[in-house]
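Only one structure is covered here, and it is reproduced in the block below.
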Amino acid sequence: MEVFEEVYIPDSTVIVGGALRRKLVEGKLEGKIVVHIALVRTLEKLATLLNSSIGITGLRELVLIKELVSKTNTIKIEYTRELPSGYRYMEFDKLSEVDRMIGDLAVEWNATLITCDEIQYLAAKAAGINVLYLKRADTKLSFEKLFTEDTMSIHLKENVPPLAKVGFPGKWDFKVLRDVPLSYEELEELEREIIEASRAGLGFIEVERPGSTIVQLKDYRIVITRPPFSDGLEITIVKPLVKLRLEDYKLPAKLIERLEKRAEGILIAGAPGAGKTTFAQALAEYYHRKGKIVKTIESPRDMQLPDDITQYSKNYATSEELHDVLLLSRPDYTFFDEMRDTRDFELYADLRLAGVGMVGVVHATSPIDAIQRFIGRVELGMIPSIIDTVIFIKDGYVKKVYELETKVKIPHGLREVDLARPVVVVKNFLTGEPEYEIYVFGDRTFVVPVKKTLSAREARVKSMIERTMKKYLPSDSYEVAFTEDGGVEVRVEPEYLNSLTAKIFRKLKRISNKLGISVEVRPKV
């Protein structure tokens, strides 16, 4: 009498995700595992041609599975080239195509399909296929133990000791986590765990390129690079430290009013790690609390937002698709995180001109640099219609706010009346003072700083106040500015406000009375 032997056919999800290996370790399978050669060849193609993490991880898992099976008598492993009816031998380009073929083979053989993919599982059940659905338990990821409350990111590279960036934006240090350098095998195992977790539903593989992979896993943004793109296997894991509300930034009432009533083309600019995305996240939640419909375009999707704010991935859609979806869904505000190339700026401009409120996040070392990113990509005269407010973030604080307007005037520094032309004036939003002018002269576009010449009286006032302030505060912690009504503002960095004593205010009051000018102390933004 022939003894019935259970036949299992695994698809790519249980191989790459490591679920089949764990099931074998538990000793809960008996019978025969049949691996299709097409699955092996497709993983090999991904690994060799695309240098893909998924391909490399899948092949390593197959090796580990074969080693486990060789140590037990309850299950064995075989390979097959047989194709279901209607199929002919072909090269599969995608794992999803291989998985579909494996499902059809399981039907013909009356075998049990093993999968981690919920859709594949439901399709198999609907088609009457025997199916074993393995789901990954939500366990703590091994790298999470490297993070403390003040760890911004960890940096792991083969043959280098692991490092952690500890602190806060603007004030951090690198800390060596251990003296022994990381081995390739350790990083390889961590890479396999990350890919496994993302394939099991804990996150998304946002970008998969030859030599690099970007993963959003829980709250972590993970960048994996490997040779030949990098000179060694490297994994960088970033986690947002804080989640702030807009109220935590203690913004001036004038700026809050503008954000609520007038600003619809906003740029949030700053250097990498300055806190741009954290501020954008706080602003998105603020608009959401005000009853606005908010959506985001991200790459990767790492903003931590309420479930009713839809987050779109730029990596899984074309600019045309995003344009159509956003216009038809009619959000009040769309947040475009990490605008990089020309198509991103064109999409931002197109949606803004269509009437959608836009908030873009860009890398820039100064606020004027953020505006210059649009020069050459859109007509100069349209820039104020696209951007009305620029918010510059540094060390987690709002350091500068610009507003833009177009005037027909003689550009700053020129004298001839017949040189009058449309000029984009970039003004300090809080003081109203012009700081830059942008205009076209001939075939070139000029960005010219506007330097206001102080009168003798203003120079005397500024000198007296600065002499008083520098006795108590560092010279880079404050600035003296004149307002449109002739008054003076002493703008102090927020962290130094508590250092101001009654003695300082008395001295400033004496200067005010002596010169007949109002002097006001306020936080520097």
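Every number here is computed from the coordinates shown, using simple stated rules; none is lab data. The model shown is predicted, which means the values in this text are computed figures rather than measured ones. Neighbour counts are summed over all protein chains in view; Cβ atoms, including those assigned to glycine, are modelled from backbone coordinates with ideal geometry.
Prolate is the label for the stretch 441-486, because a/c, from the alpha-carbon gyration tensor with a ≥ b ≥ c as root eigenvalues, is 1.5 or above and a/b exceeds b/c.
Taking Cα atoms only, the orientation of helix 95-109 departs from the longest principal axis of the chain by about 20 degrees.
Treating each Cα of the stretch 199-275 as an identical point scatterer and summing with the Debye formula, the log10 of I(q)/I(0) at q = 0.14, 0.22 Å⁻¹ comes to -0.71, -1.06.
Taking 0.36 nm per residue of separation and subtracting the Cα-Cα distance, full extension of the segment from Ile517 to Leu497 would add 5.0 nm. Per residue, the convex hull spanned by the alpha carbons of the stretch 256-386 comes to 108 Å³.
Have a look at the DSSP beta bridges in the chain and tell me what percent are antiparallel, nearest 5. Provide the component values of the computation, followed by the final result.
Numbers: 61 of 105 bridges.
Looking only at bridges with both residues in the chain, the antiparallel portion is about 60 percent.
For the chain, the longest principal axis of the alpha carbon atoms and the long axis of helix 276-289 meet at an angle near 90°. Size descriptors for the stretch 456-523 (Cα atoms only): Rg and Dmax, in that order, 11.1, 32 Å.
Calculated mean residue ellipticity at 222 nm for the chain: -9500 deg cm²/dmol, from DSSP H runs with n ≥ 4 weighted as -39500 (n - 2.57), summed, divided by the residue count and rounded to 500. Shown for the stretch 23-97: lysine pairs separated by 8 or more places, or found on different chains, whose C-alpha atoms are under 23 Å apart, numbering 13.
If R0 equals 41 Å, the separation of the Cβ atoms of Asp443 and Lys254 corresponds to a calculated FRET efficiency of about 0.60. Axis angle, to the nearest 10 degrees, between helix 53-69 and the longest C-alpha principal axis of the chain: 30 degrees. Bridging of Lys171 to aspartates and glutamates at a Cα separation below 13 Å is possible for Asp150, Asp395, Glu495, once same-chain residues fewer than 8 apart are set aside. Bridging of Lys140 to lysines at a Cα separation below 18 Å is possible for Lys218, Lys239, once same-chain residues fewer than 8 apart are set aside. Taking a straight Cα-Cα cut-off under 13 Å and skipping sequence neighbours fewer than 8 places away in the same chain, the aspartates and glutamates within cross-link reach of Lys407 are Glu437. Normalised size of the stretch 104-246, defined as Cα radius of gyration per 2.2 N^0.38 Å with N residues, equals 1.33. Mind running the shape call on the stretch 362-457? Use the C-alpha gyration tensor, a ≥ b ≥ c as the square roots of the eigenvalues: rounded below 1.5 for a/c, prolate if a/b tops b/c, oblate otherwise. Oblate is the answer for the stretch 362-457, as a/c is 1.5 or above yet b/c matches or exceeds a/b. Across the stretch 222-232, rounded Karplus estimates of 3J(HN,Hα) from the backbone phi angles (6.51 cos²θ - 1.76 cosθ + 1.60, θ = phi - 60°) give 10, 10, 10, 10, 8, x, x, 4, 10, 7, x Hz, Gly and Pro being marked x. Once you reduce the stretch 492-525 and the stretch 218-235 to the center of their Cα atoms, the two points are 50 Å from each other. Given R₀ = 30 Å, what would the calculated FRET efficiency be for Leu419 paired with Asp476, taking r from the Cβ atoms and rounding to 0.05? Working from the Cβ atoms, E equals 0.20. Can you give the FRET efficiency for Lys145 and Glu458, using 1/(1 + (r/R0)^6), R0 = 60 Å, r = Cβ-Cβ distance, to the nearest 0.05? That pair, Lys145 with Glu458, gives E of 0.55. Normalised by 2.2 N^0.38 Å, where N is the number of residues, the alpha-carbon radius of gyration of the chain equals 1.26. Shape class for the stretch 17-111, computed from the alpha carbon gyration tensor (a ≥ b ≥ c): oblate, with a/c not under 1.5 and a/b at or below b/c.
Extension gain, Glu118 to Asp219: 0.36 nm times the residue separation minus the Cα-Cα distance gives 34.1 nm.
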